[in-house]
1. Kindly list the number of the only condition in (1) over 30 Å from G388 (Cα atoms); (2) modelled with pLDDT under 90 that fails for E181.
2. All but one of (1) touching a helix residue (DSSP H, G or I) at 6+ places or on another chain (Cβ under 9 Å); (2) over 25 Å from N106 (Cβ atoms) hold for E250, so report the exception by its number.
3. What is the residue count in the range 303-324 for residues that are surrounded by 11 or more Cβ atoms within 10 Å (Cβ to Cβ) and of a type in the set (S, T, Y)?
4. Being touching a Lys or Arg at 6+ places or on another chain (Cβ under 9 Å) and either not acidic (D, E) or not in a helix (DSSP H, G or I) (or both) is the requirement here; does A326 meet it?
5. Could you check the range 97-125 and list, in sequence order, the residues that are loosely packed, with under 15 Cβ neighbours inside 10 Å and in contact with a Phe, Trp or Tyr (Cβ under 7 Å, 6 or more places away or on another chain)?
6. Quick one: is V220 buried (at least 16 other Cβ atoms within 10 Å of the Cβ), in a helix (DSSP H, G or I) and touching a strand residue (DSSP E or B) at 6+ places or on another chain (Cβ under 6 Å)?
7. In this structure, is E337 within 30 Å of Y280 (Cα to Cα), at pLDDT 95 or above and not small (G, A, S)?
8. Report the residue count in the range 361-387 for those that are under 19 Å from N408 (Cα atoms), surrounded by 14 or more Cβ atoms within 10 Å (Cβ to Cβ) and among the hydrophobic types (A, V, I, L, M, F, W, C).
Amino acid sequence: MKTKWAWLGACVIMGNLSVFAQDKPLSIQEAIQLATTQSKEARAADTKVASKKLELGVAKNKRLPDASISGQFSMMSTPDINFRIPMGEGGAPDIKANQMMLGQANVSMPIYAGGKIKNSIHIAENAVEAEQFAALNTKEQLASQAIKLYVALYKAQQTAKLMQENIKRAEQQVTDFKAMEENGLIARNDLLKSELQLSNYQVALQEANKNVNVVNYQLVTLLQLDENTHFYQIDFSNENSLLTNDFTAETALANRNDLKMLEAQHQIAENQLKISKAGYLPTLALTGGYMAADVKNVISITNALNVGVGLSYDLGSLYKNKKKVAVAKHRIQEVEEQIAIANDRVKVQVQQANENFDLAQQQAKVYTQAVEQAAENYRIVKDKYDNGVADTDDLLEADVQQLQSKINEAVSKANVIEKYYDLLLANGQLISK
């Protein structure tokens, strides 16, 4: 009865685990798409772009007229009022003016501000562009991070898969060696060596499974998926046909979002210089207003409309604005120097990415050949061992070499894909691809 209940409990537990664990296939393009749309960093970048667009709307509002309305009601002590207008023989009456009401409405429409408003709008537009390019650059980095985790997961899964396959063969080998040792065909020391190798494989499998779980969790977290999601069917078979190496430094300089962001910042600096120079110029505005007033027992004013032109000039700018212009000019120079440094850095990155991609392809070919060589070497050593020419150490070493060659081949294939996407990143075409 206890066994029956234990079995039912195990079924319930496994059922719950199957509900919470979610096995999901994932392609590298899906990983890129999720990283650039669902990750927290991508959403934060989009929020920054939206904020800059709102700031652009604020800058455009400066072209609209300023309007204000005000009202006032006051209680006063009775003042002494002396009329300067002749009041006739009777003189001025005794008036107690102890209340006053005043209402005003004013409108001011900017006509000319030396280009400050126009260039402020241009700065806001350039800021939107700069933030958009910064967001794209951030998303490219997120895509690159997702690719590296994807590749790392593939390597860990392939290593675990190959280790499992080798463990089965090692277990069979231990079984054969036990039978041979019992029949006196081999020394016990040879059996212990095969058992030790099996133990090493099992430890390596545990390490590989741990790496699978760690990298899988990192990828799930980046893509903002349920933490119980487990990816499987990580495969690069559809990627090999896409690999090309026809990129140049000119391509990168024309497509890199970080360079485009610096160009937008350069435009901001140039427009800021124009605004600083506009400080030397006067401002002109069209003004209009309405006023109504009532002083109890004294005077009442209504329909007091006015319209005119207002001109203002800050005389202090003649000796203060020079420093602002100098600062703006130096800011332009700073950005230009940053662009020059960034261009050199991009060229180096492109050259290095090309070299890494070529090296990865060459190594992949060598590792593919090594698999065939290791398999043939193991076959020869096994024949020698069966004929008593080779010892157990030679056989076990050949087995390790064969396993290592298969792992190296799987890793090298993933390296080719990873270096190709690094090449796209260096050329500013990662997301577009």
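1. The number of the failed condition is (1).
2. (1)
3. Matching residues across the range 303-324 total 2.
4. Working: touching a Lys or Arg at 6+ places or on another chain (Cβ under 9 Å): no; either not acidic (D, E) or not in a helix (DSSP H, G or I) (or both): yes.
Spelling it out, it is not the case that A326 is touching a Lys or Arg at 6+ places or on another chain (Cβ under 9 Å) and either not acidic (D, E) or not in a helix (DSSP H, G or I) (or both).
5. M101
6. Yes: the conditions hold for V220.
7. Here the answer is yes, as E337 does meet what is asked.
8. The number of residues fulfilling the criteria is 5.
The values are calculated or read from the model by the stated rules, or taken from the named source; none is laboratory data. In this text, all values refer to a predicted model and were calculated from it rather than measured experimentally. All Cβ positions, even for glycine, are placed from backbone atoms using ideal geometry, and neighbour counts span all protein chains on display.
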